[in-house]
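K.L.:
Take this structure first; my questions come after.
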């Protein structure tokens, strides 16, 4: 089953966001001059781990242990424990997966107290600066942004409903596209999102599927303000539902009832139908299925890669200096999250459109998904993980566990047999 | 751990007891809080959330080692129900790398401590000896994932190993002499001259403290 993400809020802002934009440009230019990487890859935790495989490490231990005769069974078994013991303690100290589900730790403070674990009183000047920051963000920026958000959402609902009354045809499509784009751009301004799009020539075309890494619901707004997509998602109630119903009047988005989401074949069928109709818009999908904290890319669910359409990968990387865009859904609800977004300084991100990929003859869906995932991870400077984002809420699947254990036991018994033969 | 006076004294005390630097202690404290869900103590169940640990065949022995009274230096046997941060650090200190500035005697001491930690993992009934049963138990756990290996193979591996141990430790045995089990001294004898304890450490990266805005 492939959980689908939805197109959500709509906000808008006509305000002049020239200030922060100028700052970003300067930063980027400065970085280029000094040849620094603007978004450097996330440093890995607190311990240095050897990237060797299970087999190599065990061989090493055995080699160092057996200075005497080769068939010293006792040492072999005892030394294998060393390896697993150490590995176990290493993962207890710091593991790759659980830290992806909470906000990234920053190396330098960005004047938002929420991102600094060691927030303590250092100096009067700093506290005053911070206090000023709070004042500006909450009393000046926030009301402005909320007003714009309100404008944007209402415009979207009203606009798409009006367009929906028109007869189907080119004029309707034209209007619909521009209504959508305008409203999303208003939203982008409401968040003061400063987006740099790279390689726009690779933008998704009709009949394709656009896949991207998922950090927050804002991803949708960011992508949709630069291109015209068909959204895929579950039908919601409330304000969301109103927006969804209005949007679908203007152009064919794919909304699933909650019951339909469970049926993988139904989902695949509807998506295939949509994709095969060349007049329909490219679909926007987030194959991770859940929000990850933008330091890594987790396993892509294979559903969207089985359909057989051209895949347009997109990498989105947020700059943590200005605000943390990650939505920790177990900690914050949607409204709290939006408030946090709107009270940050700005949301700065880069979007890279990667060249389209298609499934090759010998590949199956899973390998194709991994290939796309690696491309996205490489471009965005994110860590490429094989783990399933579903681990946020569930435990490791038993099948995966068993595979690893099989590998190890094969090695031991193999060696034992060799020894008894010689 | 904030900037209050008593808290930093605590840190210094822990530094002295366990040998970690204050940065490392802070990192580990964060990790502790993450594992315990912001509670002051950790129980066995808290280790269930680490996916990588699930793959480890001797997972239960490792977790058990955290609660073992012998490792916590709280008694000759038995298991604690929960451990606090200081206990957590005590266990972690068994995995600190051997400091190159230490003299020979201290190095030997460190080595002994690490090997003793391992010995306790095998010796589950705390009687000071690794019996054939206990050894078999460990080998079975190591091979537990593979359904194709029958219990018999696991047993024969364990039996073979114990015979080797007997020959190394006791030398020639009389035909009716029973080998009771590997004592800690025998254990040390087996590993004598082999630099195995360098495999028993976790290397900490040099963590810069989180700098304030510049």
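K.L.:
For region A:259-274, give me each residue that is within 23 Å of the chain's Cα centre (by Cα) and either without any contact (Cβ under 8 Å) to a residue 60 or more places away in the chain or surrounded by 14 or more Cβ atoms within 10 Å (Cβ to Cβ) (or both).
P.N.:
A:261, A:267, A:268, A:271
K.L.:
Something else about it: Given A:341, A:298, A:357, which one is at pLDDT 75 or above, within 26 Å of residue A:381 (Cα to Cα) and surrounded by fewer than 21 Cβ atoms within 10 Å (Cβ to Cβ)?
P.N.:
Unique residue meeting the criteria: A:357.
K.L.:
Further, regarding this structure: Condition first: buried (at least 21 other Cβ atoms within 10 Å of the Cβ), modelled with pLDDT under 85 and in a helix (DSSP H, G or I). Can you find one or more residues in region A:210-220 that meet it?
P.N.:
yes
K.L.:
Hey, another quick one. Which members of region A:130-152 meet the condition of being under 17 Å from residue A:192 (Cβ atoms) and surrounded by 17 or more Cβ atoms within 10 Å (Cβ to Cβ)?
P.N.:
A:137, A:141, A:145, A:148, A:149, A:151, A:152
K.L.:
Oh, and also: Please pick out the residue among B:57, B:76 that is assigned to a loop (DSSP other than H, G, I, E, B) and either facing chain A (nearest Cβ under 10 Å) or without any contact (Cβ under 8 Å) to a residue 12 or more places away in the chain (or both).
P.N.:
Answer to the check: B:57.
K.L.:
Right, here's the next one. When you scan region B:25-49, how many residues do you find that are facing another protein chain (nearest Cβ under 8 Å) and under 20 Å from residue B:81 (Cβ atoms)?
P.N.:
4
K.L.:
Going through A:154, A:176 one at a time, which residue ends up being in a helix (DSSP H, G or I), out of contact with any helix residue (DSSP H, G or I) (no Cβ under 8 Å at 6 or more places or on another chain) and over 19 Å from residue A:322 (Cα atoms)?
P.N.:
Selected residue: A:154, the only one of A:154, A:176 that is in a helix (DSSP H, G or I), out of contact with any helix residue (DSSP H, G or I) (no Cβ under 8 Å at 6 or more places or on another chain) and over 19 Å from residue A:322 (Cα atoms).
The values are calculated or read from the model by the stated rules, or taken from the named source; none is laboratory data. As the structure is a computational prediction, the values presented were derived from the model and not from experiment. Don't worry about glycine lacking a Cβ; one is built from the backbone with ideal geometry, like all the others, and counts go over all protein chains shown.
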